[in-house]
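The structure appears below as structure tokens.
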Amino acid sequence: MHHNKLQKIFIALIASSVIWPLLAQTAEDVVVSAAQNSDLHARVLAASCAACHGTNGNAVTGSNENRNAILAGRDANDFTTIMLGFKDGSREATVMHHHAKGLTEDEIRQLAVYFSKQKPTGAVLLKPQTLKAYHE
Amino acid sequence: MNKNLTLTRRNFIKAGAATGLLLANPVFSMGRKPPLGRVVIVGGGYAGTTAAKYIRMWSLGAIEVVVVEKSSQFVSCPMSNLVLGGTKTIDDLTFGYDFVQKNHGIQWAQDEVTAINTQAKKVIMKCGELNYDRLIVAPGIDFDYAALPNLMTKDAQQQIPHAWKAGWQTVNLRKQLEQMPDGGVFVMTIPKAPYRCPPGPYERACQVASYFKAHKPNSKVIVLDANAEVISKKGLFQKAWKALYPNIVEYRPNSAIVSVDVATKTVITELDQVKAEVLNVIPPQQAGKVAQLANLLEPDYPWCEVDFLTYESKVAPNVHVIGDSVSSGLPKSAHMATSQARVCASAIVELMKGQSPDPAPVFANTCYSFIDDKLAMHVANVYRYDAPKKIMVPAEGGGVSANASAQEGVYAQAWAQNIWADVLT
């Protein structure tokens, strides 16, 4: 949709090399507003879930108990239904209602799309090591 | 405007003209590595390491990242109160940096920063210098001993540990608790907020009490809080102390520490003197040393003011501050540090591409506290950028657990495993 608009601007840009710098700036601004803003918003918001759900939704699952924590590759409709349930209180929660209620419905849908597109790669359970003598 | 940014823009346009394509991803048109410049990050804690990883990920490797960290290992502050309770050891919380370095091509200098020249855009270390296009300062907290001068020496801190940066200090405090005879008194002091980890001191009181209850039931925990009340999860902590540790924990609000007698382990407050067998003074805090070196602190407040869209310092252009050093109403927690790091990382990637960052970032914070060896409870909130106020504010709907539970104990352990994996792999 925005692609055509960008192409037009680009053609104009080539055609009128005299006002090049000015148009170059405009073209960039269009790129930003059209394609990027919602992606940027979603990627930071989704990444904020990583503390419990892993990088890009690939949660560390030490036991079967937290397999539900894996969000990578999760069906977008499933995700949306569950989160909206947490948001309106119809679904029981220990902690997720305190997150879902703080998000807009649109953000929940953005997260659903974002996580559904992530590859379920699994995550590394990090191995701890012995504290060395010279650490503070 | 920085030189690299101008270069990038020009090349971006040139590449477009040559190929007849308008590029969705100007990064790959450059044919040079790294085309977008260099970010130096001082501090390899939760904030700094997360920023390093996510800048590499989101720039698709187009930004060079160098982390400067003096320690060879990462030791987690979250969960370190469990070392005092006895359900974890410090080795359970200690990790290497090798995974995150290799997985994301992060360059690493194990070194100590001695000066920062923000005019010349240069970081000076003990063993070298680094130029940067953008700098991220993530030094955590520094203790402010101005009011407690006799705790300034290493020797005093051996006798009276703070244990507020995890590591040997934590081990030291645990050893002192183990060596204390039954019937002894453990005294801990809490500084005025803001300090690192708002619920941390109250969790610590629970953990020490949990250890006493099982092994030294005649001992006491006296909490001297400089604040007027418990400042995080208040109802839940009070309930835990009453239900689990009625004869062990004694909480005293408005008990700011005036001085300490190191030799006798005696705390002097305005109204009282309290002698301890084991004394834990959590000192007042300020932005980390590197932030001080770079003159990033506010004149009358020892934290760093930033633009919450980019975490760029209000006083030094191209210098960003993330984590505990930031001046804000946000809790100084590990999850918060990583949330700030990702907003900053995302913004830096866009700025270095010559584009605009997200004008309205939103992120979350979840913080668990253990009240004994199994039961935990949370405080969780979403935070949104408030454009008129230009700060992050808590969204509606956040809150704390109804009760501490074993289920949340499992979640808390999973939180730790996941945040460690996110930051360090």
### Query
Just checking, which of B:315, B:319 is away from every other protein chain (no Cβ under 14 Å) and free of Cβ contacts under 8 Å to residues at least 24 places away in the same chain?
B:315
### Condition check for residue A:103: surrounded by 14 or more Cβ atoms within 10 Å (Cβ to Cβ), assigned to a loop (DSSP other than H, G, I, E, B), modelled with pLDDT of 95 or more and among the aliphatic types (A, V, I, L, M)
yes
#### Entry: Flag for residue B:163 being of a type in the set (Gly, Ala, Ser) and surrounded by fewer than 22 Cβ atoms within 10 Å (Cβ to Cβ)
no
### Task
Taking the options B:411, B:385, name whichever one is aromatic (Phe, Trp, Tyr) and over 22 Å from residue A:86 (Cβ atoms).
B:385
### Query
Restricting the search to region A:69-90, which residues are within 14 Å of chain B (Cβ to nearest Cβ) and outside any helix (DSSP H, G or I)?
A:70, A:71, A:72, A:89
### Query
Could you give every pair whose Cβ atoms fall below 6 Å, whose first residue belongs to region A:33-58 and is more than 7 Å from chain B (Cβ to nearest Cβ) and farther than 20 Å from residue B:414 by Cα, and whose second residue is modelled with pLDDT of 95 or more and part of a helix (DSSP H, G or I), counting only separations of at least 6 or pairs across chains?
A:42/A:110; A:42/A:114
### Query
In region B:176-205, what residues are touching a helix residue (DSSP H, G or I) at 6+ places or on another chain (Cβ under 6 Å) and within 29 Å of residue B:336 (Cα to Cα)?
B:190, B:196, B:202, B:203, B:204
### Task
Select from region B:269-302 the residues that are under 29 Å from the mean Cα position of the chain (by Cα) and in a strand (DSSP E or B) and write down the one among them that is nearest to residue B:119 (Cα to Cα).
B:287
### Of all residues making up region B:169-186, the number that are surrounded by 16 or more Cβ atoms within 10 Å (Cβ to Cβ), outside any strand (DSSP E or B) and in contact (Cβ under 8 Å) with a residue 40 or more places away in the chain
8
### Message
I need the strands (runs of 3 or more DSSP E) fully contained in region B:335-425, keeping only those with at least 3 residues that are surrounded by fewer than 24 Cβ atoms within 10 Å (Cβ to Cβ) and either more than 7 Å from chain A (Cβ to nearest Cβ) or hydroxyl-bearing (Ser, Thr, Tyr) (or both).
### Response
B:376-386, B:391-394
### Task
Inspect region B:234-246 for any residue being at pLDDT 95 or above and assigned to a loop (DSSP other than H, G, I, E, B) and give the result as yes or no.
yes
### Message
Which residue is nearest to the other protein chains (Cβ to nearest Cβ), if the candidates are limited to region A:109-136 and must be out of contact with any strand residue (DSSP E or B) (no Cβ under 9 Å at 6 or more places or on another chain) and β-branched (Val, Ile, Thr)?
### Response
A:124
### Task
Filter region B:275-310 for residues that are in contact with a Ser or Thr (Cβ under 7 Å, 6 or more places away or on another chain) and of a type in the set (Val, Ile, Thr) and give the result.
B:281, B:282, B:306
### Message
So residue B:330 ticks every box in (1) under 17 Å from residue B:195 (Cβ atoms); (2) within 14 Å of chain A (Cβ to nearest Cβ); (3) crowded, with 24+ Cβ neighbours inside 10 Å; (4) not polar (S, T, N, Q) but one. Which box is left unticked?
### Response
(3)
### Summary
Screening B:313, B:232, B:255, B:210 for residues that are buried (at least 17 other Cβ atoms within 10 Å of the Cβ) and in contact with a Gly (Cβ under 6 Å, 6 or more places away or on another chain) leaves only B:210
### Task
Kindly provide the set of residues from region B:271-291 that are under 21 Å from residue B:153 (Cα atoms) and either basic (Lys, Arg) or surrounded by fewer than 17 Cβ atoms within 10 Å (Cβ to Cβ) (or both), ordered by number.
B:275, B:289
## Note on the structure
Taking region B:292-310 and keeping only residues that are among the hydroxyl-bearing types (Ser, Thr, Tyr) and either under 23 Å from residue B:67 (Cβ atoms) or surrounded by 20 or more Cβ atoms within 10 Å (Cβ to Cβ) (or both), one is left with B:310
### Query
What pairs can you find where one residue is in region B:330-355 and within 19 Å of residue B:60 (Cα to Cα), the other is among the hydroxyl-bearing types (Ser, Thr, Tyr) and not in a helix (DSSP H, G or I), and their Cβ atoms are less than 6 Å apart, with a gap of 6+ or different chains?
B:344/B:311; B:347/B:310; B:349/B:59
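The values are calculated or read from the model by the stated rules, or taken from the named source; none is laboratory data. This one's a predicted model, so the numbers in the text were calculated from it and none came from an experiment. A quick note on method: Cβ atoms are made from the backbone with ideal geometry, for glycine too, and the neighbour counts reach across all protein chains shown.
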